[in-house]
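Down below is the structure, laid out as structure tokens.
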There are 2 protein chains.
Amino acid sequence: MSAVTTLGITLGDPAGIGPEIVAATLAKLPDEWIRRVIVYGDRGPLERGARAMGVTLPEVMMASPGTGERAIAGAPDETTGAAQIGYLETAVADAAAGRIGAIVTAPISKTWAKRAGFAFPGHTEMLADRLGARDVVMMFAGPTMKVALATIHVPLADVPRTLTTFGVRRTIELVTESLLHDFGIAAPRIGVVGLNPHAGEGGLIGREDRDIIAPACTTCRTATVEGPLVPDAAFRMSYDAFVAMYHDQGLIPVKLVDFDESVNMTLGLPIVRTSPDHGTAYDIAGKGVARAISMQRAVELAVAVLGRR
Amino acid sequence: MSAVTTLGITLGDPAGIGPEIVAATLAKLPDEWIRRVIVYGDRGPLERGARAMGVTLPEVMMASPGTGERAIAGAPDETTGAAQIGYLETAVADAAAGRIGAIVTAPISKTWAKRAGFAFPGHTEMLADRLGARDVVMMFAGPTMKVALATIHVPLADVPRTLTTFGVRRTIELVTESLLHDFGIAAPRIGVVGLNPHAGEGGLIGREDRDIIAPACTTCRTATVEGPLVPDAAFRMSYDAFVAMYHDQGLIPVKLVDFDESVNMTLGLPIVRTSPDHGTAYDIAGKGVARAISMQRAVELAVAVLGRR
């Protein structure tokens, strides 16, 4: 077993649904994959998650600091907020050291992460920083569509001034590389979504579409790039991937058509990284009703991409 | 036949698909409705539209200035740009005079409208001005969902500073009235969508959700109002109507799930106004391939609402 084919799974906030969806996913994993997994998180919450979901945990390697052992499902606090970050830091250190080639992350609470001193808006930005990736892109991959984001956790008011031609171009490049190498698509077609209503209607409704986005939409040797597309029509068209300009422009359609089967994937990192596309869901944590399908798909995708890279 | 049960249909840009979708719609209308219709537009393009679509035009009342007679499908110019506005102005004058109780508008080109001296971003704003309505709301009604917009043709950069608690509240009120009286829903439930990613995540990602939108989401005697909802999850939930904060937040989901069956409806006018949810589609104009379903639904909805008001 080569180091790079080992997959880390972080438990996320032990007070959220992370332990349940990780337990349910592990229970369904084929043996040859289980042998390649390290779970970063504490055994207590994972076992409670398995009981809640009515599944039997397979034997799996764990890296358990013990900090989240006393977590109560649905009741996050400073301790669970710190524990979720501890799991992640350990996994990232192992990735940086070449011990794991992929990380699948269960949801953390951004609010409790911040209170625990976490300096990033989310997993993606933290992984980029720790693993020395200058440009990363968040892409959601579902059975129906793939959507990458040109901006991520940015207040809507700041989106227009955050967009640059260089940034949009770089996003398109990372998406192209991923479609080619991670998904094995030979001549990908990418649809770049506009920013303003009607993609600015020729400059009548905002200038960003014409001045910032259009110059980035150049077809290159390896991919066909079309845009800026009229946003409210774009997602009815067929592309190997879309590049959306902001969080909800991309997530509203992918969550609507691919429901809970879409997977969050970070492009541009030296390792593979995927995660389910939902949050900690404290309101249902511990009840055994969480749907593990997105977590399962996240692990399946990570395994598939690890195999292709 | 009372004046207020008469329905005006404007032909839109005679160089667009307007003549085709109006002709196809008229051809399918029951006789008792045809007798209540006035078409504002020229006979030449309408007859060419009917031929392109392979339908027989019924006898229908027309108000035809003759300005768009020489329009060529797919080739808009100053003349067709002015003609489309002429049709609209005549219809609106008849509405203001109490001769028609509803207007269904085929698509105009905003670019050519502007060149023809049209001072409004679209139909909606013009109708509000001419008919003396202080507050109007654009709502899209499809078989699956209804979505009203708190802001309309606003560059994305201007959306956050355009939103006010009063404006969002007023939008909710007009939607409530419409659900009650136009759609006959006794105790409507309205979902108000947030502005920022994760609805601001408690103020971490923008403050508008907490400071501007939340205070507007108060349940009143006649309706249940919930929000601000997390935008990327909201449209998977079930409400009688959503209030979206900006154009594409509302139109991306409704066009994705209700495809070409959604109808644009203007709330707050003294008359009923509906229209199809698409544009002039010059690229397919005259080819007989335009889908008339949204125009048909727009006329059906206008007739239904006229009957209820």
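Residues that are in contact with a Lys or Arg (Cβ under 8 Å, 6 or more places away or on another chain) and farther than 19 Å from residue A:276 by Cα within segment A:7-54 comprise A:44, A:52, listed in sequence order.
Just a yes or no: is a residue in segment B:108-124 outside any loop (DSSP other than H, G, I, E, B), among the small types (Gly, Ala, Ser), open to solvent by less than 30 Å² (accessible area, probe 1.4 Å) and assigned by TED's automatic domain parsing to the domain that holds residue B:284? Yes, because at least one residue in segment B:108-124 is outside any loop (DSSP other than H, G, I, E, B), among the small types (Gly, Ala, Ser), open to solvent by less than 30 Å² (accessible area, probe 1.4 Å) and assigned by TED's automatic domain parsing to the domain that holds residue B:284.
Does residue A:37 meet the test of being over 27 Å from residue A:115 (Cβ atoms) and open to solvent by less than 10 Å² (accessible area, probe 1.4 Å)? So residue A:37 fits the description; yes. Within segment A:49-75, being more than 25 Å from residue A:300 (Cβ to Cβ) and open to solvent by 30 Å² or more (accessible area, probe 1.4 Å) holds for A:65, A:66, A:67, A:69, A:70, A:72, A:73, A:74, A:75. Restricting segment B:247-258 to residues that are modelled with pLDDT of 95 or more and more than 8 Å from chain A (Cβ to nearest Cβ), the residue that is surrounded by the most Cβ atoms within 10 Å (Cβ to Cβ) is B:250. Looking at this structure, is residue B:132 touching a residue at least 40 places away in the same chain (Cβ under 8 Å), in a loop (DSSP other than H, G, I, E, B) and not β-branched (Val, Ile, Thr)? For residue B:132, the condition - touching a residue at least 40 places away in the same chain (Cβ under 8 Å), in a loop (DSSP other than H, G, I, E, B) and not β-branched (Val, Ile, Thr) - is met. Would you please name the residue that is modelled with the highest pLDDT, looking only at residues in segment B:82-135 that are polar (S, T, N, Q) and in contact with an Asp or Glu (Cβ under 6 Å, 6 or more places away or on another chain)? Per the criteria, the residue is B:84.
From A:284, A:293, which residue is of a type in the set (A, V, I, L, M, F, W, C), within 14 Å of another protein chain (Cβ to nearest Cβ), surrounded by fewer than 21 Cβ atoms within 10 Å (Cβ to Cβ) and in contact (Cβ under 8 Å) with a residue 24 or more places away in the chain? I'd like the intermediate steps shown before the answer.
Values: A:293 fails: within 14 Å of another protein chain (Cβ to nearest Cβ).
When all the criteria are applied, what remains is A:284.
Each residue in segment B:3-35 was checked for being touching a residue at least 40 places away in the same chain (Cβ under 8 Å) and part of a loop (DSSP other than H, G, I, E, B), and 9 pass. Count of segment B:173-211 residues, restricted to those that are within 14 Å of chain A (Cβ to nearest Cβ) and either surrounded by fewer than 22 Cβ atoms within 10 Å (Cβ to Cβ) or within 21 Å of residue A:278 (Cβ to Cβ) (or both), is 19. Taken together, the criteria place residue A:199 among residues that are at pLDDT 95 or above and at positive phi.
Might you check whether a residue that is over 22 Å from residue A:305 (Cβ atoms), among the small types (Gly, Ala, Ser), without any contact (Cβ under 8 Å) to a residue 24 or more places away in the chain and within 14 Å of another protein chain (Cβ to nearest Cβ) occurs anywhere in segment A:112-125? Yes, that holds for at least one residue. Residue A:266 falls short on exactly one of the conditions (1) of a type outside the set (A, V, I, L, M, F, W, C); (2) within 14 Å of chain B (Cβ to nearest Cβ); (3) buried (at least 22 other Cβ atoms within 10 Å of the Cβ), and that condition is (2).
Have a look at A:185, A:190 and point out the one that is aliphatic (A, V, I, L, M) and part of a loop (DSSP other than H, G, I, E, B). Unique residue meeting the criteria: A:185. Of everything listed in (1) within 22 Å of the chain's Cα centre (by Cα); (2) buried (at least 24 other Cβ atoms within 10 Å of the Cβ), the single unmet condition for residue A:45 is (1). Which pairs have Cβ atoms under 7 Å, sit 6 or more apart or on different chains, and link a residue in segment B:94-107 that is under 26 Å from residue B:81 (Cβ atoms) to one that is of a type in the set (Phe, Trp, Tyr)? Close Cβ pairs satisfying both conditions: none exist. Just checking, how many residues over segment A:215-232 are open to solvent by less than 40 Å² (accessible area, probe 1.4 Å) and not in a strand (DSSP E or B)? So the answer is 5. Here residue B:98 meets each of (1) buried (at least 16 other Cβ atoms within 10 Å of the Cβ); (2) more than 11 Å from chain A (Cβ to nearest Cβ) with one exception, condition (1).
Restricting A:236, A:170, A:273 to residues that are away from every other protein chain (no Cβ under 12 Å) and open to solvent by 40 Å² or more (accessible area, probe 1.4 Å) narrows the list to A:170. Residue B:158 falls short of the stated requirement of being closer than 28 Å to residue B:98 by Cα, of a type in the set (Asp, Glu) and either open to solvent by 30 Å² or more (accessible area, probe 1.4 Å) or within 13 Å of chain A (Cβ to nearest Cβ) (or both).
The values are calculated or read from the model by the stated rules, or taken from the named source; none is laboratory data. Since the structure is predicted, the reported quantities are computational estimates derived from the model, not experimental observations. Positions of Cβ are generated from backbone atoms using ideal geometry, with glycine treated the same way; all protein chains shown enter the neighbour counts. We work out accessible area using only protein heavy atoms, side chains counted, and drop any ligands, DNA or RNA first. Shrake-Rupley method; radii C 1.70, N 1.55, O 1.52, S 1.80 Å.
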